[in-house]
Amino acid sequence: MVYQISVFMENRPGRLYDLTQALERANINLKAASIAETGDFGIIRCIVSDPDAAYDALTAEGFTVKKAHVVGVEVDDAPGSLSGIARALGERGINILYLYAFSIACRNKAILILKTDDIERTKDVLATALPHRIIGQEDIAAL
Amino acid sequence: MNDAQRLSLLKRTLSYCYDHAPHYRQAFTAAGFHPDALRSLEDLAHVPFLRKAELRSYYPTGILAVDKRRVVRYHASSGTTGSPTVVSYTKADIATWASMVADCLRLAGVGEGSVIQNSYGYGLFTGGLGLHYGAELLGASVVPTSGGNTARQVKILQDFGVDVLCCTPSYALYLSEVVAESGIDPKELPLSVGIFGAEPWSDSMRRRIEDAFDIKAYDIYGMSELGGPGVGMECAGQDGLHIWDDKYLVEVVDPETGEVLGEGEKGEIVFTSLWKEACPVIRFRTGDISHLYDSRCGCDASDQRIGRIVGRTDDMLIVRGVNVFPSQIEHVLSKIQGVSGHYQIYVERKGALDDMEVYVEVTGELFNDSMGEIIELQRAIEHEMYAVLNIKVRVRLVEPGKIPRSEGKAQRIIDRRML
């Protein structure tokens, strides 16, 4: 199981720096991040080395923070990997709300971070039907 | 009209109010005043003021001095919280009001043969119907376009030979821009006169409108509590608003002490109506800041003249002709989960139109990482604001603690309009 830290942020210059500074001071490493935005505000979502410490550090700085489960899955860094996942979930009526990914080039692997409308079933489908390796927070920390 | 004539009108009005409106009988009695004691116009200073909050408490009939069955029309303006302020009219009131508006239009040279495009809103707002009745009484042709649908407004301006435009000054400026964008020089339109009011504007804005359309732009004054538009009007000299002296007695008072100020001194404008049957107003505190002229204009209109409205005693904002009170916004936010009570209102002129944005602080309690839900929250607030204020407001959600807190009175309004 992987924890994601998401933060509600006003969309203005310098605000991301406030966040990264807070993480740096707490000695937290960002493994992956994505920003979704509308004109006025955005949500930054990130996978970090230590989610609990990140949550505390950001909350202490006055950020609006949410810590929640997402699915982390390891796939081959090769054409068609995501396609297979998208098909498997789609066929079972599971909706992907958002995803972001990063590759581990030295291992020819990529990690997908997925948020769906049914986290438990998603893990099931990915682990059994395909099958892929579902990663946990300890894998993230080891990266 | 001389002072003796006005004194007798005032006496008649005060006696009428004392005899027919329970509110006034009570208020006069509590202040130890009886209409028979009135000896001079100056004695009006002994009569208690009427405040907007008192009027509002008479929802939904208005502060009636006649049997409800004699009311032929209701109008209303937005209130500071829930209920609007209602004003009612008898048949005679409607006729007098129309004649006042007709007199205003006449000052601007409008008459039979004029084609008036009336872009004030028709409905509960007094602007649309008020101008309409006056114009018809004058024998002018009225095109009752009401507000909105700018493309159609522009088409009618072009096609109907409109020579008089009635609307808010900011909307006039906006129309000129839309006409220009369509490839037509606004100066080429047959328009020659603009009657603009319902929101504060300045001489520089007047010049911009006059230049854009090549017209003469007149300021018209009114307020629903006083009867609607047509209370006062500029003459061709464009120097101050003539207030019909057989219809109103105007005083200027110190907004703090209520003390009557002299001509030329700036203060809160207080109106006493001399004509209203259904909802007479005695010493009504308008909240508008201006002064009485001490000089005579020289035109035929009344000598009672006030300067342009330069401000408000309360925190009322006028946005696109609509009264907006911060308390209304507070009221909306108090009913919505996931936001704190902290907010700030930003008003700007974007192009010609007012643009109002409300910064609302989220509490974070409901934050659950879903973009959709935050946008939904934003839309829900905008929707509620529109339902209450009747103008479109943009809501910007900000992080907790980001709205500046102040020790004393919070600065809720940032008005960046350069009028």
* Chain-alone versus full-assembly comparison, region A:20-62, residues with accessible loss of at least 10 Å² (1.4 Å probe) -> A:36, A:38, A:40, A:41, A:43, A:45, A:62
* Asked: Stretched out fully, how many nm does the piece from residue A:119 to residue A:86 gain, at 0.36 nm a residue minus the Cα gap?
  -> 10.5 nm
* **Positive minus negative residues near residue A:57 (Lys, Arg vs Asp, Glu; Cβ under 10 Å)** => -4
* Mind checking which of B:214, B:369, B:159 has the largest fluctuation in a GNM of chain B, springs on alpha carbons under 10 Å? -> B:369
* Partner chain Cβ atoms within 10 Å, averaged over the residues of B:358-368 - can you pull that number for me? => 2
* **10 Å Cβ shell holding at most 14 others, DSSP loop, GluC sites (Glu not before Pro): longest site-free stretch of chain B** => B:113-255
* Asked: How far apart, in nm, are the 7 Å Cα→Cβ label points at residue B:1 and residue B:254?
  -> 3.0
* Structure fact -> As a percent rounded to 5, the proportion of antiparallel DSSP bridges among beta bridges in the protein assembly as shown is 75
* Residues in region B:389-405, backbone N under 17 Å from the label point at residue B:59 (7 Å along the Cα-to-beta-carbon vector): list them, ranges by number please. => B:389-391
* Asked: For region B:286-317 and region B:90-105, what is the separation of their Cα centres, given in Å?
  -> 21
* Asked: Mind checking how much accessible area B and A bury in total, 1.4 Å probe, in Å² rounded to 100?
  -> 1600
* Asked: In nanometres, what is the gap between the two model label sites at residue B:67 and residue B:349, each 7 Å from Cα along Cα-to-Cβ?
  -> 5.2
* Asked: When chain A is treated as a GNM, springs tying every alpha-carbon pair under 10 Å, which of A:78, A:110, A:127 comes out with the largest mean-square fluctuation?
  -> A:78
* How much area per residue is accessible in region A:70-142 when the probe is 1.4 Å and only protein heavy atoms are counted (Å²)? -> 51
* **DSSP bridge orientation in chain B - percent antiparallel, rounded to nearest 5** => 60
* Once label points are set 7 Å from the Cα along Cα→Cβ at both residue B:296 and residue A:78, what is their separation, rounded to one decimal in nm? -> 10.2
* Estimated FRET transfer efficiency (residue A:104, residue B:375; beta-carbon r; R0 45 Å; 0.05) -> 0.85
* Structure fact -> In whole angstrom, the spacing between the Cα centers of region A:1-52 and region B:1-46 equals 69
* **GNM flexibility winner over chain A from A:67, A:109, A:123 (Cα, springs under 10 Å)** => A:109
* Asked: What is the local net charge at residue B:416, summed over the other residues whose Cβ is closer than 9 Å to its Cβ (Lys, Arg +1; Asp, Glu -1)?
  -> 0
* Run the numbers on chain A and let me know its relative contact order in percent, using alpha-carbon pairs under 8 Å that are six or more apart. => 27
* Asked: Just how far, in whole angstrom, is region B:214-268 from region B:346-368 if you go by their alpha carbon centroids?
  -> 34
* To do: Consider a paramagnetic label point 7 Å from the Cα of residue B:37 along Cα→Cβ; state which residues of region B:1-24 have an amide N under 11 Å from it.
  => none
* Asked: Accessible area per residue, 1.4 Å probe, Å², for region A:2-67: what's the number?
  -> 44
* **Span-rule helices in chain B, defined as complete DSSP H runs reaching 24 Å or more along the axis (Cα) with Kyte mean at least -0.5** => B:91-107, B:371-389
* To do: For each pair in B:266/B:350; A:66/B:392; B:187/B:350; B:276/B:335; B:52/B:266, compute the distance between the two Cα atoms and list the pairs where it is over 27 Å.
  => B:266/B:350; A:66/B:392; B:276/B:335
* Please turn the phi angles of region A:134-140 into ³J(HN,Hα) values with the Karplus equation 6.51 cos²θ - 1.76 cosθ + 1.60 (θ = phi - 60°), one per residue in order, whole Hz, x for glycine and proline. => 7, 9, x, 4, 5, 5, 4
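The values are calculated or read from the model by the stated rules, or taken from the named source; none is laboratory data. Bear in mind the structure is a predicted one, so any value in this text is a computation, not a measurement. Counting neighbours? That spans all protein chains shown, and the Cβs are built from the backbone with ideal geometry, glycine included. Keep in mind that these areas ignore ligands, DNA and RNA; they rest on the heavy atoms of the full protein, side chains included. Shrake-Rupley method; radii C 1.70, N 1.55, O 1.52, S 1.80 Å.
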